[in-house]
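Reviewing the structure listed below.
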Amino acid sequence: MKFLDLLRLITGNLSRRKARVALTAIGVVIGTAAVVILVSLAIGLQKSATDQLYGIGDLTQIDVMPTYGGGGGFGGPIFVGSPGGESSQLEEPALLTNSALDQIRAIPGVKVVIPRDYMYASAMLRYQRLEAGMGIIGIATDDLSNLGLETDNGTTALNKGSVIIGVMTPNNFYDPKQRPGQEPPPPPELLNEQIQLVAIKWDEQGNEIRKTLSLRVAGILNETGGEPDYSIYLPLEQVKALNEWATGTRVNYNKDGYSQVIVKVEDADQALDIADQITAMGFQAITPQSYLQGINGFFVVLQIIFGGVGAIALLVAAIGIANTMTMSILERTREIGLMKAVGATNRDVLSIFLGEAAGIGFIGGLGGIVIGWLAAQAMNVLAIVYLAGQASQQGGAPPSVAVYTPIWLPVFALIFSTFIGMLSGLYPALRAATMIPVQALKYE
């Protein structure tokens, strides 16, 4: 039997029993719609979570720190237990010296390696009569755009005598001479203004010693939701000089190493692999990609659970299809005998009844996809409106999507529902194909 003839015969048989086919397909519609809605909800939650993580952290960045030993204390050697139970010195702590940075730069996929350091001395900022406390970071790059930071106000280029500040820095300024009940001053406009950085240390007698630097605010970074919002950036050499002044000792990065290094990779997909290579070198490597991997793993499990709930409804529908096809065979026993009498083979009969069962699954799957997609879009609109209201009250960013239906999900749901229909009609079809023609024609 040709495929087109088979398809025409299956379509004709289903159209003769419209009410029965529709009632049977309703179960498949419910199951398919449930799969589409629940899996779309899980994918939407995953997409919302990952989008927020993309906004919080740069997925192409790896924070690398030195590894200090336990037995030797801070900066000392690493001690581990020997087979005899005694401690033995195995290796020196892994320090981020310039030679170690060269090894990291040699890793394929590494785009740039940028050392950074914090200012150790107590410090405050002054602008006119206002003061503020702020984290001061020295960075070994001439442009903060190399870290993925951006600005709409000023520049990200970092030069000696200039400073780039986070967007929240102006909010930290206060008037130290403000009287009780007096209204606090508004955040100052600092772009292209001169501010004073006052570093403070104490001598052995407890006397306070101050050092003041005048700096021009060259740029104000865009909001990132992370550390840059509350920090100010200076060239690393300038922070190194302030640290040497504060501690009274010379800082030797070739010997003592850097306290932290930022590694930028060319592709976010390479971040985990490169972080593992850096860890194998003996350093601590932290990347937001590791958090993203954990989040994705959780939501994959959630998708499987939600999809399983919908699949239970499809299983119930499959029982209904099997029942419908069994009753159809009983009603059409003489028709089956007549087909075999005029030359239809067991394979032809099997194909007809399997095709009818698959057709019921296909019709139900198609209806379930339409209903599921429409319901998912309605849920997405309602969820976004609700979550946007919650975000406005709490001051957070509203989600861009709450329920998301990827293109592969409706295709998978349609194929799966058709397969379930065909599978549920397998036993009745085999029963019809193995009927003896003479007995089938005598059936009343």
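The values are calculated or read from the model by the stated rules, or taken from the named source; none is laboratory data. Please read these numbers as outputs of a predicted model, since none were measured by experiment. Counting neighbours? That spans all protein chains shown, and the Cβs are built from the backbone with ideal geometry, glycine included. With ligands, DNA and RNA removed, areas are computed over all heavy atoms of the protein, side chains included. Shrake-Rupley method; radii C 1.70, N 1.55, O 1.52, S 1.80 Å.
If you average over every viewing direction, what projected area does the convex hull of the Cα atoms of the range 133-266 give, in nm²?
Averaged projected area of the range 133-266's Cα convex hull equals 10.7 nm².
Beyond 15 Å, what percent of the Cα pairs of the range 311-386 remain?
In whole percent, the long-distance tail amounts to 69.
May I ask for log10 I(q)/I(0) of the range 204-291 at q = 0.25 Å⁻¹, from a Debye sum over the Cα atoms as equal point scatterers with solvent left out?
With no solvent term, the Cα-only Debye profile gives -1.27.
Put a dot 7 Å past each Cα toward the Cβ at M168 and R334; how far apart are the dots in nm?
8.4
When the C-alpha atoms of the range 6-51 are aligned to their principal axes, what extent does each axis show, in angstrom, from largest down?
Answer, in whole Å and largest first: 50, 22, 8 Å.
Return one number: the angle in degrees, 0 to 90 and rounded to the nearest 10, between the long axis of the Cα atoms of helix 236-247 and the longest principal axis of the Cα atoms of the chain.
Approximately 50 degrees, to the nearest ten.
Using 1/(1 + (r/R0)^6) with R0 = 41 angstrom and r between the beta carbons of N159 and T279, what's the FRET efficiency to the nearest 0.05?
0.75
Out of R17, R179, R216, any idea which swings most in a Gaussian network model of the chain, alpha carbons joined below 10 Å?
Among R17, R179, R216, the largest GNM mean-square fluctuation belongs to R179.
Give, rounded to the nearest 20 debye, the magnitude of the charge dipole that the chain has about its Cα centre when Lys and Arg contribute +1 at Cβ and Asp and Glu contribute -1 at Cβ.
It comes to approximately 2400 debye.
Which of the lysines could be linked to K340 by a straight reach, that is with a Cα gap under 20 Å, when you skip same-chain ones fewer than 8 residues away?
Partners within reach: K2, K442.
Rank A42, A311, A341 by mean-square fluctuation in a GNM of the chain with C-alpha springs under 10 angstrom and give only the top-ranked residue.
Maximum fluctuation in the GNM of the chain, among the listed residues, is at A341.
With a probe of 1.4 Å, find how much accessible area the range 97-253 has per residue, and write the answer as a whole number in Å².
I get 52 Å² per residue for this part.
Which of the aspartates and glutamates could be linked to K240 by a straight reach, that is with a Cα gap under 12 Å, when you skip same-chain ones fewer than 8 residues away?
Answer for K240, where 12 Å is the Cα cut-off: D117, listed by chain and number.
From the C-alpha gyration tensor of the chain, pull out the three semi-axes of the equivalent ellipsoid (sqrt of 5λ each), sorted largest to smallest, in whole Å.
71, 29, 17
Taking 0.36 nm per intervening residue step and subtracting the Cα-Cα distance, what contour gain separates K2 from V401 on full extension?
In short, 138.9 nm is gained.
Counting pairs of alpha carbon atoms under 8 Å apart in space and at least six apart in sequence, what relative contact order in percent does the chain give?
28
Carbon and sulfur: what percent of the range 277-400's accessible surface (1.4 Å probe)?
Answer for the range 277-400 is 71 percent, counting heavy atoms of protein chains only.
Starting from the eigenvalues of the Cα gyration tensor, five times each then square-rooted, give me the equivalent ellipsoid semi-axes of the range 123-178, largest first, whole Å.
Gyration-tensor ellipsoid for the range 123-178: 25, 12, 10 Å.
Report the calculated FRET efficiency for D348 and A19 (r = Cβ-Cβ distance, R0 = 35 Å), to the nearest 0.05.
0.85
In square nanometres, what is one fourth of the surface area of the convex hull spanned by the alpha carbons of the range 142-221?
Mean projected area for the range 142-221: 7.5 nm², to one decimal.
How long are the semi-axes of the equivalent ellipsoid of the range 272-348, taking √(5λ) for every eigenvalue λ of the Cα gyration tensor, in whole Å from largest down?
Its equivalent ellipsoid spans semi-axes of 60, 18, 6 Å.
Taking the inverse of the average 1/r across all pairs of different Cα atoms in the range 92-133, what Kirkwood radius in Å do you get?
Kirkwood hydrodynamic radius for the range 92-133: 13.9 Å.
Report the extension gain between A375 and S259 in nm, rounded to one decimal, defined as 0.36 nm multiplied by the number of residues separating them, less their alpha carbon distance.
Between A375 and S259, full extension yields an extra 36.5 nm.
Can you tell which of P184, P93, P406 shows the greatest fluctuation in a Gaussian network model of the chain with Cα springs below 10 Å?
Top of the fluctuation ranking is P184.
Using 5 Å bins from zero, what percent of all Cα-Cα pairs in the range 260-314 falls into each bin?
4, 17, 19, 16, 11, 9, 8, 7, 5, 3, 1
Cα axis of helix 3-16 to longest principal axis of the chain: angle in degrees, 0 to 90, nearest 10?
So the helix axis and the longest Cα principal axis differ by about 80 degrees.
So what's the back-of-envelope 222 nm ellipticity for the chain, counting only DSSP H runs of four-plus at -39500 (n - 2.57) apiece and dividing by all residues, rounded to 500?
Here the helix-only value at 222 nm equals -17000 deg cm²/dmol.
If I fit a long axis through the Cα atoms of helix 408-424 and take the longest principal axis of the Cα atoms of the chain, what angle between them do I get, 0 to 90°, rounded to 10?
On a 0 to 90 degree scale, this one is about 30.
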